[in-house]
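Taking it in order: structure first as structure tokens, then the write-up.
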Amino acid sequence: MRALVRELRATVDRADAPVLIDQEGGRVARLQPPHWRAYPAPATLAALGGERAREAVHLVARLIADDLAALGITVDCLPVLDVPQPGADPVIGDRAYSADPAEVARLGKVACEGLIEGGVLPVIKHIPGHGRAQVDTHHALPRVTVARAELDVTDFAPFRALADMPWAMTAHIVYTAIDATAPATLSPLVIRGIIRRNMNFDGVLVSDDISMNALGGPIGARAARALAAGCDLALHCNGDLAEMSEVAAAVARLTPEARRRLNRGEGRRRVPVPLDRRAAEARLDAMLGGVATA
């Protein structure tokens, strides 16, 4: 893994090129045993309640950051700030901390702080909120028809509370109250009107994976539309070389605004605070008391 990261940065001739990973704990973990520790899902940590939940969330984020920093990975797509709603597709499920927007924001902030302490930048996702999706965006495009006023006090609230974070990832979801014609990732009305202006988020905005089936059309056009709508970066994850070439041909260089946001985010990455890993793991194990980690 370390060699792969080094080779990537050498290939693009950028020692500071961000390397991203999905390492949430629970179902979403790209680094797994036996080489890396398994961590509980966010909902499992939140179920500890109160200060215990906050301590557990911080410990897990700090330990994950320790894993990632040792590999040269600098950005983790964590925390999930989505607020799950009854009847929604289980794609979010226990990846979310709570059905209470205020608690999601509190625990999400703790997770961000734990990652930053470990030298890794957090990505709040899936902005402006994935908790109502009736279908899995890996397979189809969800349409959320709830009124804007309700979205403001539920789905949008955690993202607004953490709008000072350095990175965010968009949702491939249509919010009909804002733009009935395009998912958030491809919608200037959502990105410029809600995410940038209403939520006041001025960090790096990266699309969710554009190869997911929620988006239609040629893969290069998807990338171009995401950038035109206001994303700073288009994320393409499936590793298909032909698709990668098409995406590369369809996108331009970073805009000055995107470069500014990336540089500002990089400025928040710090030398990791010293961690007694053995003590941190022992404390987490004691708190979990044998609770399943996946």
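The values are calculated or read from the model by the stated rules, or taken from the named source; none is laboratory data. Note that this is a predicted model, so its numbers are computed, not measured. Counting neighbours? That spans all protein chains shown, and the Cβs are built from the backbone with ideal geometry, glycine included.
Considering (1) surrounded by fewer than 19 Cβ atoms within 10 Å (Cβ to Cβ); (2) over 17 Å from Ala105 (Cα atoms); (3) in contact with a Phe, Trp or Tyr (Cβ under 6 Å, 6 or more places away or on another chain), the lone condition that Ala180 does not fulfil carries the number (3).
Of the residues making up the stretch 239-293, those that are assigned to a loop (DSSP other than H, G, I, E, B), without any contact (Cβ under 8 Å) to a residue 60 or more places away in the chain and of a type in the set (A, V, I, L, M) number 3. Which of the residues that make up the stretch 122-144 are in contact (Cβ under 8 Å) with a residue 60 or more places away in the chain, more than 15 Å from the chain's Cα centre (by Cα) and crowded, with 21+ Cβ neighbours inside 10 Å? Selection gives Pro142 alone. Within the set Glu55, Glu51, Glu7, the sole residue that is among the charged types (D, E, K, R), in contact with a helix residue (DSSP H, G or I) (Cβ under 8 Å, 6 or more places away or on another chain) and surrounded by fewer than 18 Cβ atoms within 10 Å (Cβ to Cβ) turns out to be Glu55.
Here Thr185 clears all of (1) of a type outside the set (Phe, Trp, Tyr); (2) within 23 Å of Ala99 (Cα to Cα); (3) under 15 Å from the mean Cα position of the chain (by Cα) except the condition numbered (2).
The requirement of being surrounded by fewer than 21 Cβ atoms within 10 Å (Cβ to Cβ), modelled with pLDDT of 95 or more and either more than 13 Å from the chain's Cα centre (by Cα) or farther than 30 Å from Arg260 by Cα (or both) is satisfied by Gly119. The single condition from (1) on the phi > 0 side of the Ramachandran plot; (2) surrounded by 14 or more Cβ atoms within 10 Å (Cβ to Cβ) that Pro42 fails is (1). Only residues that are surrounded by fewer than 23 Cβ atoms within 10 Å (Cβ to Cβ), β-branched (Val, Ile, Thr) and out of contact with any Ser or Thr (no Cβ under 6 Å at 6 or more places or on another chain) were counted across the stretch 145-173, and they come to 3.
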